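These notes are about the structure you will find just below.
The values are calculated or read from the model by the stated rules, or taken from the named source; none is laboratory data. It should be emphasised that the depicted structure is a prediction, and the values quoted were computed from it without experimental measurement. Virtual Cβ from ideal backbone geometry, glycine too; neighbours counted across all protein chains shown. The accessibility values were calculated without ligands, DNA or RNA, using every heavy atom of the protein model including side chains. Shrake-Rupley method; radii C 1.70, N 1.55, O 1.52, S 1.80 Å.
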Amino acid sequence: MDCTVIQCNAPFYVYACSGFTYLIETKRSLATRDFRKELTHCGIARSVLQGHPAELTASDESRILLLRQQKDSSWSTSCKMPSKLFGVDLRLSSPNGERQIRSERNTPKSSPRLSPKNSPVTDLRRSSLNAMDHIKRPSLAGLKKTGSKKEKKDRSLSKEKDGKDQRSPLTQKSVKIGMYMESPPVLLIGTPQQSPGAIISGRLQVTPNVMEATIESMTMYLECTTSTKRPVSDRCRECMTQIDDLFEWHFFTQSKTFKAENGMQELPFSHMLPGTLPATTHGHIGSIEYSLHVKAKASDGQWIEFRRPLSIQRALLPGNDKNSVRIFPPTSLTLHVTVPNTVHPIGEFPVYCKMEGITNKHNETQQRWRLRKLTWRIEEIESMVSPACPKHIGKVGGEGNGVKHENTRQIGWEELKEGWKTDFDEGVIEGEFKASIDTTTKSQCGMEAQNGLKISHNLILELVIAEEWAQNKKTTQPTPTGAARVLRTQFSLNVTERAGMGLSWDDEQPPMYEDVPVSPPHYQGEHTTIADYEGDDLHQDVEHMALGP
């Protein structure tokens, strides 16, 4: 006896067997192993099915598994199921349903089966789902998911504005597209106003999968994708992601045939990136990514796509250390801080501090400040202006406006209670400590883009000082007065990638033809002439020869 199993929506399954229909809730996968499930209704337990899958038939709305029943005496017991279960009519909707199922069961594997749309089993599945809509369960939202996170990400990165995914994984592509980059990783040297840019070059590799593949057009785009995690309208893909084409390559204007006997063919490309481009950034609010997107159209109308991420980094050249002075009124304390001009996400950097004016001397006594604790931390401030798509532009008050968001997080911290020296006679406290960025926080380099994304970093110092009183004759026996202050100040940091040798592409190239001076040069007041040699043949040593007067 064969049974037809219809998988409606896990963990609910519908079974049709000998004119009866069974609804079962199970957590075990139907297509992995043999199973036996018990269905309990009105206090009656019955064995429903035992078998393994024989064939899988897929349709747009359901998956139908045809199972072969094993020989088992438990099937000899005939028991009648109730006509309704959970408010669902479990009987077949037409008296011919059993006859149709039996005819489908007797159909050989090679013959075509009934269409899922016209099958009475499909009508039963639809009526069962409609009758169970009143049962509020998260798993009964639909037959299949309308979109997953991965699909949404693929659609947001697609070149098409309507977001349709034209890729068909079940259909073999006529050609396979790859890419080999010849240029080193993109590194922009200097600030956006001073950077000369960088050159990218590579080869597009096309390998035919058939004997002859005709490509009508092949275009590659340099895309800049800007995403925000706080869009103007939630669930709006256009508010969340914006894609801009920075450059296009058209490899050929007419159809081209690729033959398998010729093997892989390469198409070279190159482009100079401007130095004003913002670096690749993955922040907590927004992100900027670059990619090379290839789209090829075959002669049969099939689209072949290929995408390769392109990482762009920026490095600022190191310069002189920055010296800053902070004054803390109403006291006479002055803090001098020296920090490097550039800071890198990986590695430590020194910070030198010197505090003056800690001692106030009188005729017989003196008041002084003692440093008890020093705390430093590095904060990353990220701000992003979320734009609105044409559909939701009314929420921000018109075109060109957006919603600004800010996020501040701590990417480094330490508390110090020693490591400095104090000279009360000179009234100076000075010391140096090492600060660093915690690599586990995945910090980003400082940047600023025209779309409103900006990332900056600050070094914050907090000094806890306590006041003491002592006699000038007994300075080693101070008495605390109980007064204390917390001095807080901050300094901006330039967090950037390491520049390496600091040579941009225009410094590495050889001199141009017009830059080479005229050779050989002339002496002042004279002209250089070249005369032909008219003497004897030189077959011997020529060391005795010399220039004449």
Query raised in the report: Just to be sure, is residue 327 at pLDDT below 95 and part of a strand (DSSP E or B)?
Result: yes
Query - Qualifying positions in region 356-373 - part of a strand (DSSP E or B) and open to solvent by less than 10 Å² (accessible area, probe 1.4 Å) - result: 366, 368
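Matching residues to (1) in contact (Cβ under 8 Å) with a residue 24 or more places away in the chain; (2) surrounded by fewer than 18 Cβ atoms within 10 Å (Cβ to Cβ); (3) closer than 29 Å to residue 233 by Cα:
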{"residue": "377", "(1), (2), (3)": "yes, yes, no"}
{"residue": "383", "(1), (2), (3)": "yes, no, yes"}
{"residue": "394", "(1), (2), (3)": "no, yes, yes"}
{"residue": "417", "(1), (2), (3)": "yes, yes, no"}
{"residue": "428", "(1), (2), (3)": "yes, yes, no"}
{"residue": "437", "(1), (2), (3)": "yes, no, no"}
{"residue": "443", "(1), (2), (3)": "yes, no, yes"}
Report task. Within region 197-254, work out how many residues are over 12 Å from residue 269 (Cα atoms), under 26 Å from the mean Cα position of the chain (by Cα) and part of a strand (DSSP E or B). Result -> 13
Requested in this report: For residues that are assigned to a strand (DSSP E or B), more than 25 Å from residue 383 (Cα to Cα) and either open to solvent by 60 Å² or more (accessible area, probe 1.4 Å) or small (Gly, Ala, Ser) (or both), tally how many sit in region 262-294.
Outcome: 4
Query raised in the report: Are any residues in region 443-482 of a type in the set (A, V, I, L, M, F, W, C) and under 55 Å from the mean Cα position of the chain (by Cα), and if so, which ones?
Result: 445, 447, 449, 453, 455, 459, 460, 461, 463, 464, 465, 466
Requested in this report: Answer yes or no: is there a residue in region 333-343 that is modelled with pLDDT of 95 or more, open to solvent by 20 Å² or more (accessible area, probe 1.4 Å) and closer than 30 Å to residue 232 by Cβ.
Outcome: no
Query raised in the report: Restricting the search to region 190-218, which residues are open to solvent by less than 50 Å² (accessible area, probe 1.4 Å) and of a type in the set (A, V, I, L, M, F, W, C)?
Result: 198, 200, 204, 206, 213, 215, 218
Query raised in the report: In region 450-466, what count of residues is obtained for those that are farther than 19 Å from residue 324 by Cβ and surrounded by fewer than 20 Cβ atoms within 10 Å (Cβ to Cβ)?
Result: 6
Query - Sole exception among (1) at pLDDT 95 or above; (2) open to solvent by less than 20 Å² (accessible area, probe 1.4 Å) for residue 221, by number - result: (2)
Query raised in the report: Can you find even one residue in region 298-309 that is more than 14 Å from the chain's Cα centre (by Cα), part of a strand (DSSP E or B), under 19 Å from residue 249 (Cα atoms) and of a type in the set (Phe, Trp, Tyr)?
Result: yes
